[in-house]
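The values are calculated or read from the model by the stated rules, or taken from the named source; none is laboratory data. Please read these numbers as outputs of a predicted model, since none were measured by experiment. So basically every Cβ, Gly included, is an ideal-geometry build from the backbone, and we count neighbours across all protein chains shown. Surface areas here come from the heavy atoms of the whole protein model, side chains and all, with no ligands, DNA or RNA. Shrake-Rupley method; radii C 1.70, N 1.55, O 1.52, S 1.80 Å.
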Protein chains: 2
Amino acid sequence: MKRKLSTEATAAWIRLMRVPSRVLDCVEQDLKKAGYPPLAWYDALLELSRAPSGELRPVELERQMLIPQYSTSRLIDKLVDEGLAARRECKIDKRGQFVEITEAGRDLQKRMWSAYSAAIDKHVGSKLSDAEAARLCGLLDRLGCSCSDAKADAKADAKADTKSETKAAPARDSVPAR
Amino acid sequence: MKRKLSTEATAAWIRLMRVPSRVLDCVEQDLKKAGYPPLAWYDALLELSRAPSGELRPVELERQMLIPQYSTSRLIDKLVDEGLAARRECKIDKRGQFVEITEAGRDLQKRMWSAYSAAIDKHVGSKLSDAEAARLCGLLDRLGCSCSDAKADAKADAKADTKSETKAAPARDSVPAR
DNA sequence: CCGCACTGAATGCATCTGCATCAATCTTGA
DNA sequence: TCAAGATTGATGCAGATGCATTCAGTGCGG
């Protein structure tokens, strides 16, 4: 299996590594200049605001946001410090807890969205037609489900848990609000 | 200038934020499992090995790699520590220096490339036809030149005050070798 | 020659990240 | 029913990153 790496694939790789991080940077900068916190805060607030009663278990938030557990824990710390969310006891499972978005949190989420959506439009929407954006989605989706096997490899001799998450998942994700 | 953000653009944004970072992760993991250092080291070694006499000014390296100055400085520290590069005095400008790749550095760069190219092919090349890869390049390129104007802006009012960050995008670069 | 603005590079410090581990609690199954 | 194992969430620590500053050296205008 000694495939040859094509120049097209190489060119795509270079752009994959450069362009999105740059675009993210631009958007984050716009948000920051508007006086808002990092995007991760928005994502968390959005997930919380969407949840049935405005509250989620940290472990749920973690799964929604696809970030590591410790990262979730620390993010929650900060949201709580800023009064954007509150920890609430979880009666049914005393190991756990609920994190509930506050009014201030909902408010911030809404205000951020206007700046956020404007930034996305500025840096992505305005540069591509809808058809092009859709084609880009299609191409990126083709790259999506690759690392599950790495995970499997890692614990190959462990449990064969087949947790392979084929997360080509539809857009049910962070950004879209409102 | 109150454009509406389309759902297509939003979907593209989500994928832009997720897919490439995931692909990068996979490639980095592959490299790591093969016992190699981070990709940034490869990039630096590649730039050095390509340079006329195997040496560059740090400031050149910085521009090639699109990473901040302090980051370059620290990366060089590590390469030197590992014997992959050496600092050499710059006679014509005593503020500066040259960084020269060593034989060990050239050797590592070459060895890394075989693992690296295999990983790129596995996670990108094998998932897209050459035509698709080319289309992906085209689409990503449309997004590329968005922050250059930010740079221009910054330069424009540079004299004013602008503590605003003229930060260059952190991005991976320079893959193609051999 | 001097003063002054600028460039090249390093570094102190605060923050962020990842990893490993911990304690508490829940679940399972013998 | 209880021990073994799995889950939930927090945290100590090491390394990475970003920011601002510092230091040395350059080059220009006077």
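Applying the selection to the stretch B:54-83, what residues are under 16 Å from B:W41 (Cβ atoms) and in contact with a Gly (Cβ under 9 Å, 6 or more places away or on another chain)? Outline the logic, then answer.
Within the stretch B:54-83, the subset under 16 Å from B:W41 (Cβ atoms) is B:54, B:56, B:58, B:61-62, B:64-67, B:71-83.
Once the filter is applied, which keeps residues that are under 16 Å from B:W41 (Cβ atoms) and in contact with a Gly (Cβ under 9 Å, 6 or more places away or on another chain), the stretch B:54-83 yields B:G54, B:P58, B:L79, B:E82, B:G83.
For A:L46, the conditions (1) in contact (Cβ under 8 Å) with a residue 60 or more places away in the chain; (2) within 12 Å of DNA strand C (Cβ to nearest atom) are fulfilled apart from (2). Quick check: anything in the stretch A:90-112 open to solvent by less than 30 Å² (accessible area, probe 1.4 Å) and over 21 Å from the mean Cα position of the chain (by Cα)? Within the stretch A:90-112 (the criterion being open to solvent by less than 30 Å² (accessible area, probe 1.4 Å) and over 21 Å from the mean Cα position of the chain (by Cα)), the answer is yes, since at least one residue qualifies.
Out of the stretch B:51-61, which residues are part of a helix (DSSP H, G or I) and without any contact (Cβ under 8 Å) to a residue 40 or more places away in the chain?
Kept after step one, since they are part of a helix (DSSP H, G or I), are these residues of the stretch B:51-61: B:58-61.
The answer is B:V59, B:E60, B:L61.
The sole residue among A:D43, A:D77, A:D81 that is crowded, with 19+ Cβ neighbours inside 10 Å and among the charged types (D, E, K, R) is A:D43.
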